[in-house]
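The values are calculated or read from the model by the stated rules, or taken from the named source; none is laboratory data. Computed from a prediction, not measured in an experiment: that's the story for all the values here. Virtual Cβ from ideal backbone geometry, glycine too; neighbours counted across all protein chains shown. Please note that ligands, DNA and RNA were not included when accessible areas were found on the heavy atoms of the full protein model with its side chains. Shrake-Rupley method; radii C 1.70, N 1.55, O 1.52, S 1.80 Å.
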Amino acid sequence: MRWARHAVPAAVAALAALAARDLLQREHALRRNFPVLGRARYLLESIGPELRQYIVAGNNEERPFTRDQRRWVYASAKQENNYFGFGTDNDIEYTAGYPIIKHRTFGRTVPPSIPTMGHDVRLPVAKVLGAARGRARAFRPESVVSISGMSFGSLSGRAVEALNRGAALAGCLHNTGEGGVSPYHRNGGELILQIGTAYFGCRDDRGRFDLARLKDVVAANPVRALEIKLSQGAKPSLGGLLPAAKVSAEIAETRGIPVGRDCVSPSRHAEFSDCDSLLDWVELLAAETGLPVGIKSAVGDLGFWTELADLMRDTDRGVDFVSVDGGEGGTGAAPMIFTDSVSLPFQQGFARVYPIFAERGLHEQVVFVGAGKLGLPDNAVVAFALGCDMLAVGREAMLAIGCIQAQKCHDDSCPTGVATQNAWLARGLDPTSKADRAAHYIKTLRRDLMKVAEACGVEHPGLIDADSVEILGGRTSSTPLREVYGYQPDWGLPSAADQKAIVDLMSTEAPQGGSAPPSRTARR
């Protein structure tokens, strides 16, 4: 017990020293008034999110993703049981705005009764990307689910590698984010190359856009389309800063910037300044690369969208796809005012943009991509009903590879190694095993979307129309989605030719019919 005789005085001395320091410091009134004890408040505050996440909050109280939503993603990624028992714990009866999907008793399709059917369903996009404008390298994406743009630099290299490997396993597209094509993007997954305001990966030594470098990147990598990023939901019309401490040699090489210096992304593009010059640049990129070219933007002032659609209608220029990002979308770091209050949430934003194209007869020529918490089946179905052809999932894919919603993305201390450049933290993420999880999640989401489409009596989720969803107004009222957003009867669906083509494709994918032939007494 000799050690105890020394340990106790030492502990008392340490506490006394800490108390003296608290009494003398002037920065924190709480610690000055309540030395030592006042520190407990800061400790509890620092672990508050963890306490709420695991102990205090109910299954549907957390944000951005509830415990039930995270559980569904985790179980899907691990190929575990992702079913829920004893009925819903959502407050359906009294929640205004809650979407209800209307199944059909008799539809065009009869879901197969084999239990494992659909686990590896092929679910291509109902439109051919770039076909309407005759792009040389037009193609039909093999998956309606894609991985959204999350740059190397925002995510760790291991996380990017896991997502790219997962995209290859799931047969879906992987958006690079605006940080350029890194070595971690070269693990089998096909890419959408995002071009941001700083032109990372395709810029010269002075930071100007360099067409030759872009063509070199396209030639050296499996790039299937180009996406011009105008803004994103979590930080619309806001530039970004990657601090010098995070600009490693690897990131510098990928982005084409100096090592160890602050990396600034401007809030606007230098290559164009209005819709007219934007479309000129779109056509230049398409002509030089042969690739479909689209834009990504959050939705605010509708004047931009009206002018863009008018020019597309009146000239021979246009974008091949439009990615609409909701204000509820995520980001590695942004001011609270931008994440909370700038740009419309996905449903309202998309439902304002789509009619602008539809009223001008352009909706069948454009592939619409939706983003903003659409990696959950219920949100995804509403997006398809509003006219989305394809989904881009970001944070849900992060959850699939290990994110625990610690919300430490902005301070480089992500405990699971997903959103950090800290080598020690990133080493905990194994890209190979996490790639499997990313692929399982994407395949499960596609399977659930297919099951809902079959319940609605159609062959593909892109054929679910706005009459198939109702929005509850409380316990005693509901309104069809079409009426909520003022859609015309033919809006939200591909063209008749595209509908026929996707039905033909899906009809060859899986057997239709029940578990047994009808009896002799069945009416024929």
| message | Please verify whether Ala220 is under 21 Å from Gly189 (Cα atoms), out of contact with any Cys (no Cβ under 6 Å at 6 or more places or on another chain) and modelled with pLDDT of 85 or more, treating the condition exactly as stated. | response | yes
| request: Return only the number of the condition from (1) surrounded by 16 or more Cβ atoms within 10 Å (Cβ to Cβ); (2) assigned to a loop (DSSP other than H, G, I, E, B); (3) small (Gly, Ala, Ser) that Ala286 does not satisfy. | output: (2)
| field | Yes/no for Glu161 being closer than 25 Å to Leu242 by Cα and either assigned to a loop (DSSP other than H, G, I, E, B) or at pLDDT below 95 (or both) | value | no
| task | Would you mind stating whether Leu214 is part of a helix (DSSP H, G or I), open to solvent by less than 10 Å² (accessible area, probe 1.4 Å) and farther than 21 Å from Ala426 by Cα? | result | yes
| query | Based on what the data block shows, is Ala126 out of contact with any helix residue (DSSP H, G or I) (no Cβ under 8 Å at 6 or more places or on another chain), modelled with pLDDT of 95 or more and either buried (at least 17 other Cβ atoms within 10 Å of the Cβ) or of a type in the set (Val, Ile, Thr) (or both)? | reply | no
| query | For segment 487-512, how many residues are at pLDDT below 90, open to solvent by less than 60 Å² (accessible area, probe 1.4 Å) and over 26 Å from the mean Cα position of the chain (by Cα)? | reply | 1
| said: Every residue in segment 92-107 that is farther than 16 Å from Phe384 by Cβ, open to solvent by 80 Å² or more (accessible area, probe 1.4 Å) and not hydroxyl-bearing (Ser, Thr, Tyr), please. | reply: Glu93, Phe106
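Mind listing whichever residues of segment 164-200 are outside any helix (DSSP H, G or I) and among the basic types (Lys, Arg)?
Within segment 164-200, Arg186 is the sole residue that qualifies.
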| query | Can you tell me which of Ser468, Ser413 is touching a residue at least 12 places away in the same chain (Cβ under 8 Å), buried (at least 21 other Cβ atoms within 10 Å of the Cβ) and of a type in the set (Ser, Thr, Tyr)? | reply | Ser468
| request: From the list Leu284, Leu291, Leu391, pick out the single residue that is touching a Gly at 6+ places or on another chain (Cβ under 6 Å) and within 23 Å of Arg140 (Cα to Cα). | output: Leu391
| Within segment 141-170, can you find the residues that are of a type in the set (A, V, I, L, M, F, W, C), more than 24 Å from Met450 (Cα to Cα) and in contact (Cβ under 8 Å) with a residue 40 or more places away in the chain? | Met150, Phe152, Leu155, Ala159, Ala162
| Among the residues of segment 267-275, is any part of a helix (DSSP H, G or I) and either under 21 Å from His174 (Cβ atoms) or out of contact with any Lys or Arg (no Cβ under 7 Å at 6 or more places or on another chain) (or both)? | yes
| query | Do the conditions hold for Arg317, that is, is it of a type in the set (Lys, Arg) and either under 24 Å from the mean Cα position of the chain (by Cα) or at pLDDT below 95 (or both)? | reply | no
| field | Pairs, first within 12 Å of Leu193 (Cα to Cα) in segment 208-224, second open to solvent by 70 Å² or more (accessible area, probe 1.4 Å), C-beta under 8 Å, six or more apart | value | Leu214/Glu288; Lys215/Glu288; Asn221/Arg186; Pro222/Glu190; Val223/Glu190; Arg224/Arg137; Arg224/Glu190
| request: Run Trp305 past the list (1) open to solvent by 10 Å² or more (accessible area, probe 1.4 Å); (2) modelled with pLDDT of 90 or more; (3) not in a loop (DSSP other than H, G, I, E, B) and report the number of the one that doesn't hold. | output: (1)
| Is it fair to say Tyr94 is closer than 25 Å to Ala170 by Cα, in a loop (DSSP other than H, G, I, E, B) and modelled with pLDDT under 90? | no
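Regarding segment 219-241, can at least one residue be identified that is over 25 Å from the mean Cα position of the chain (by Cα), more than 24 Å from Ala371 (Cα to Cα) and surrounded by 15 or more Cβ atoms within 10 Å (Cβ to Cβ)? Before you say what the answer is, go through the steps one by one.
Keep residues of segment 219-241 that are over 25 Å from the mean Cα position of the chain (by Cα), which gives 219-220.
The next check asks that each one be more than 24 Å from Ala371 (Cα to Cα); those that pass are 219-220.
Going one step further and asking which of them are surrounded by 15 or more Cβ atoms within 10 Å (Cβ to Cβ), we end up with none.
Among the residues of segment 219-241, not one is over 25 Å from the mean Cα position of the chain (by Cα), more than 24 Å from Ala371 (Cα to Cα) and surrounded by 15 or more Cβ atoms within 10 Å (Cβ to Cβ), which makes the answer no.
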| request: Please work out which one of (1) in a helix (DSSP H, G or I); (2) at pLDDT 75 or above is the condition Leu51 fails and give its number. | output: (2)
| remark: Counting only helices (runs of 4 or more DSSP H) wholly inside segment 349-457, the ones holding at least 1 residues that are modelled with pLDDT of 90 or more and of a type in the set (A, V, I, L, M, F, W, C) are 377-386, 395-400, 431-455
| said: If I go through segment 187-200 residue by residue, how many of them are within 12 Å of Thr254 (Cα to Cα) and either touching a helix residue (DSSP H, G or I) at 6+ places or on another chain (Cβ under 6 Å) or among the basic types (Lys, Arg) (or both)? | reply: 1
